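Right, one structure below, let's go through it.
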Amino acid sequence: MGKRLVWTALTGLISSTAQAAPPAPLPADQLDWSPWGDQAPAGALCGGRYIEPGYLLPEGKTPEEVLSNSGSAEYGDDGETILGGNVVLRRGESQLESPRVRVNAARDTAFADGPLTIRYPGMLVRGDDGQVSLDSDAARIDDAHYVVHEQRLRGDAQAMQRLDDGRYRMREASFTTCAPDSRLWRIVGSDVTIDREQGFGTASNARLEMGDVPVFYWPWVRFPIDDRRQSGFLWPTMGISSDGLDYSQPYYLNLAPNYDATITPRIISDHGFMLGGEFRYLFGSDQGSIEGAYLPNDNGGENDNPNDPNDAFDGEDRWYIDYSHYGRFTDRLDYAMRYGAASDGRYFDDFGRDFGEQDTEYLERLARLSYQGTTWNLDARAQGYQRMDYPLDEDDRPFYKLPSLTANARWGQDNGFYQEWNSNATYFWRDLHGVDSDGFWEDEETGNTRQIRLREAANGSRINLTPAIGWRGQPSWGFLEPRFQLWQTNYELDYGNRDTDRDESLSRTVPVYSVDSGLIFQRDVTLFDSEWKQTFEPRLYYAYVPERDQSEFPDFDTDERAISWSQLWSPYRFTGADRVGDVNKLSYGASTRFLEDDTGRERLALSVGQSAYFSDRNIDIEGDPNTLPNKETDYEDWYRATRDRSPVITQLDWRINDQWRSRYEWFYDPDRSKTEKASAYLQYLSPVGHVVNLGYRWQLQGFDPSGDEEDRLNYSREDFDVSFAYKATSSLDLIGRYLYDNTNSRDLETLAGVQFNSCCSAVQVVWREWVEDNDTANTIDDDYTDRGLFLRFVFKGLGGVGQEADSYFARAVPGYEATQF
């Protein structure tokens, strides 16, 4: 998208016609405004509130009856009635106050001298001379000043008319949600109409003024006056960078209460004209959306990634589409559909999607039907992805599941025995391009020839059955669970044009044995003058899985797991079903917890555990039981397969008090006296909204075996992470984050933001600089730095300018709750 130095829309065309000139606003005490004084509630952003007083006269016996009160009354010429001295007229729910009122002989119109006051339900109008109908809702007021109490709207107009249908039409008028003593912003138009019944207003020859400075002009604009959705132009978004201009002008269509749409024309100076849109709907239990964009004949444009050419898509059409739908047939039977596609893998890198510039790695394609019963759970799906890489390597093309059928069930008896039926049948398919019979293809990025691994070269079907039986005894003082599971897997494969003598019909049967057990001891203790309950929970777990030759088996969806606390208590070393790793281990550990005696809330939990292995783990991702990783070239892989003991894993969760909490994790190898992984986090959460996060992370090179080679770190990673959110006042938030890569002595991310929230407006200003890893974790040579200054303005009651950053703040500063504007 280019390095965005500015992201906002506070620019515009200023009208060349004569500017409208509403009358000067009235003082606050004449607009039903009541200052808070010493009674302001916590977090109040405004200096007061509008309070609607009661009527001066009671309601008539009928809505048409007119009641009056005045200091004097007399008849004038032509049969008119002249009332004087604090005159009050009430008809239905409207009330007129004036020093002098003339009522015509027909008794259908009142002419009021100023200064006058007219009250309608939830609305005040003050002005000079006026005319009020006594047999309808029509009225006319000169030099009017109005307040709509509940919506906190106010404005001024040279002339106001209340039409028979209840709308208000004003000439040379203004509109704002700011307090009476503020001129921060207002809309001014030559012809303004407010429709309280429908919840919107319109203005012709309108301009947005900040203070007395006009900053934007519309020939015609429609704006909301309450929370109801309204069709009309939304605030534009504009990005300015060294690459040029990026301008979007969305138009919102409130088509019906249950569906709407947004159309967004976009001009990008170094790419061309793009048209985007979104349609959302809700029908009963079904809901969905479709969004997309299309840019014909891309001009090329510069690219932030220095590893990619700038004009790679010159003259090509660029587009994306993303459709999702979710619905229910019954409470137990639901379905989902998803289809995402893009013209190329660099689309979102060039055109972006959200404030945080988060990578869109995949676009999903899915059709799913699921049943959740008390015994059976059934799932049928067709699923695939478009991987958003540029260029896309042939060996990175994802497999489609066409289809994947799952049937799982569980039966339990009162005596603790249970049975499980788990089954899945899937056909895996992917289409490779330019791959010869030996699996070689040319890398477009480097021009080098690369080869598809043989285990990833086939398409085919896989049927995987994993029934299980077990027994679980769980008295209050502990538990015991022996379990047996049988893995039966069958393949029918098709290697296409690949030259291989591998068998295309394969079968594998693997028994999985495990015994899990634990005890729970509890005592009452007194610590720090408080009563606590302390538990001590030792745990012992044994698992045995024999090795089976899987060297000719494909790899459709399998990856090796990194050691973790949960892995200590699991017999499975791989995700997916293409590999069942051999293991013969005994895991042992213990946990202790401290619980508040009066509430039962956990304050501290400490766990320590380790596994002892009785044999090498011969099965790796290659599936060959007769080979081990090379000790000289792949030492960490070799050590992981042959070590006698896992690292000692220590976990600590400590809620120090209601504000402070910490989390600690340590993987220590006593045989090598080496830390393999460590992390520590300390968080402060203030009741008033302050947040501080301190984080540290260390990971030894080769610790995590998952992912392809380019996804694995080729260095030992050490990071420091500091983030905070400080609510300086009820109006001002300061946000920051600093993520530092100590291994490579570089800043991974720097974030500094300010949020200002006032009575009628809000501003977000954020500076962000971050490192893009170019989808390769195994090297930093192709990493590059991106940066941007992002601005967002919100005019309450009118809308916002710029991209919303709240969701990104919540990710960057854990525990922070963004201010709702």
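A short reminder: the numbers here are calculations on the coordinates, not readings from a lab. Bear in mind the structure is a predicted one, so any value in this text is a computation, not a measurement. Cβ sites come from the backbone with ideal geometry, for glycine too, and all protein chains shown count toward neighbours.
Using equal-weight Cα scatterers in the Debye expression, the normalised intensity of region 552-646 in log10 at q = 0.20 Å⁻¹ is -1.00. Overall, the chain carries a charge dipole of about 3000 debye about its Cα centre when +1 sits on the Cβ of Lys and Arg and -1 on the Cβ of Asp and Glu, all other atoms neutral. Here the alpha carbons of region 256-301 define both size measures, Rg and Dmax, at 14.6, 45 Å.
Applying a threshold of 28 Å to the alpha-carbon distances of LYS401/LYS585; LYS533/LYS677; LYS631/LYS677; LYS585/LYS674; LYS631/LYS674; LYS727/LYS796 flags LYS401/LYS585; LYS533/LYS677 as lying beyond it.
Before rounding to the nearest 500, sum -39500 (n - 2.57) across all DSSP H runs of length at least 4 in the chain and divide by the residue total; then give [θ] at 222 nm in deg cm²/dmol. After summing the helix terms and dividing by the residues of the chain, the value is -500 deg cm²/dmol.
Restriction of the GluC sites (Glu not before Pro) in region 159-213 to DSSP coil positions whose beta-carbon has at most 10 other beta-carbons within 10 angstrom yields GLU197. Rounded to whole numbers, the Karplus 3J(HN,Hα) couplings from phi for region 562-576 are 7, 4, 8, 4, 5, 5, 4, 10, 9, x, 9, 9, 10, 8, x Hz, using 6.51 cos²θ - 1.76 cosθ + 1.60 with θ = phi - 60°, and x at Gly and Pro. Across region 144-191, the mean sequence separation of Cα contacts (distance under 8 Å, 6 or more residues apart), normalised by length, yields a relative contact order of 30 percent. Each listed q (0.30 Å⁻¹) maps to a log10 I(q)/I(0) for region 511-552, found by the Debye formula over equal Cα scatterers with no solvent: -0.99.
Per residue, the convex hull spanned by the Cα atoms of region 210-311 measures out at 171 cubic angstrom. Could you tell me the distance between the Cα centroids of region 417-462 and region 591-647, to the nearest Å? Value for the Cα centre distance between the two parts: 29 Å.
Using θ = phi - 60° in the Karplus curve 6.51 cos²θ - 1.76 cosθ + 1.60, the 3J(HN,Hα) couplings for region 635-652 round to 4, 5, 5, 5, 5, 4, 7, 10, 5, 8, 9, 6, x, 6, 9, 10, 10, 9 Hz; x is entered for Gly and Pro. What the Kirkwood sum gives for region 513-672 is a hydrodynamic radius of 17.9 Å, with every pair of different alpha carbons counted.
Checking every one of the GluC sites (Glu not before Pro) in region 37-104 against DSSP loop status and a limit of 14 other Cβ atoms within 10 Å picks out GLU59, GLU64, GLU65, GLU93. Annotation for region 68-148: trypsin sites (Lys or Arg not before Pro) lying in DSSP loop with at most 15 further Cβ atoms inside 10 Å of their Cβ are ARG107. Centre-to-centre, using Cα atoms only, region 779-794 and region 38-100 are separated by 59 Å. Centre-to-centre, using Cα atoms only, region 469-535 and region 746-770 are separated by 46 Å. Remark on region 660-820: Rg and Dmax equal 18.8, 65 Å (Cα only). The rule of thumb for compact globular proteins, 2.2 N^0.38 Å, goes into the C-alpha radius of gyration of the chain 1.25 times.
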